Amino acid sequence: MINNYEVIKKCKFLITINSKAGYEGILLKKHIFSFGDSYYKKSNLVKYCENIEDIHSSKEYLNKKIYEKEIINFFNNIKTKSFKGSLYDLNFDNINHFKKSIENITND
């Protein structure tokens with residue numbers, strides 16, 4: 001019954017596989033260790049790990065200061081690479097948004 005966002009606020013760092021918790025952690029200036037194939041794993045704000053030993057050897061990453069400008073740039077980059085629409089919404093207008101977005105991507 002506890003909100004995930006409230007839990008993340010209290011963390012020193014976050015370990016995730018592939019979830020929105022990593023995204024929320026970035027928003028909250030937390031150091032993120034990601035083991036999954038998340039869209040944010042290549043961000044400088046995230047330490048991508050292939051095995052648990054990667055965490056043990058990450059003292060430098062944990063000491064790295066996270067700047068608000070980096071976070072803003074991260075979210076701006078996501079926004080510019082996103083398109084309007086909701087994946088599971090079968091509403092006619094939503095489907096048209098997806099169709100136009102896909103047409104724009106394939107025409108580039």
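Remarks
- Coil-residue trypsin sites (Lys or Arg not before Pro) of segment 22-106, DSSP, other Cβ within 10 Å capped at 15: K29, K42, K64, K65, K81, K84
- For segment 69-79, the Karplus equation 6.51 cos²θ - 1.76 cosθ + 1.60, evaluated at θ = phi - 60°, returns couplings of 4, 4, 5, 4, 4, 4, 6, 4, 5, 4, 4 Hz by residue, with Gly and Pro reported as x.
- Accessible solvent surface per residue of the chain, calculated while the other protein chains remain in place, 1.4 angstrom probe, Å²: 77 Å²
- Largest mean-square fluctuation among G22, G85, G36, in a Gaussian network model of the chain whose springs join Cα atoms under 10 Å apart, belongs to G85.
- Calculated [222 nm] ellipticity per residue, helices only, for the chain: -13500 deg cm²/dmol; basis is -39500 (n - 2.57) per DSSP H run with n ≥ 4, divided by all residues, nearest 500.
- The modelled label-to-label distance between Y88 and E6, using points 7 Å beyond Cα along the C-beta direction, is 2.5 nm.
- Cβ-Cβ FRET estimate between F75 and I17, R0 fixed at 25 Å, reported to 0.05: 0.70
- The region of the chain that goes longest without hitting one of the chymotrypsin sites (Phe, Trp or Tyr not before Pro) in a DSSP loop, each with at most 15 other Cβ atoms within 10 Å, is 1-38.
- Normalised per residue, the volume of the convex hull around the Cα set of segment 1-54 (Å³): 79 Å³
- Tensor-based shape of segment 19-84 (alpha-carbon gyration tensor, a/c under 1.5 rounded, otherwise prolate or oblate): oblate
- In segment 32-79, the GluC sites (Glu not before Pro) that fall in loop regions by DSSP, at most 16 other Cβ within 10 Å: E50
- T106 paired with E50, simple spin-label distance in nm, labels 7 Å along Cα-to-beta-carbon: 3.6 nm
- With every protein chain in place, the chain: carbon and sulfur % of accessible area (1.4 Å): 55 percent
The values are calculated or read from the model by the stated rules, or taken from the named source; none is laboratory data. Note that the coordinates shown come from a computational prediction; the quantities given were computed from them, not determined experimentally. As a convention, Cβ positions derive from the backbone with ideal geometry for all residues, glycine included, and neighbour counts pool all protein chains shown. Heavy atoms of the whole protein, side chains included, go into the accessibility calculation; ligands, DNA and RNA do not. Shrake-Rupley method; radii C 1.70, N 1.55, O 1.52, S 1.80 Å.
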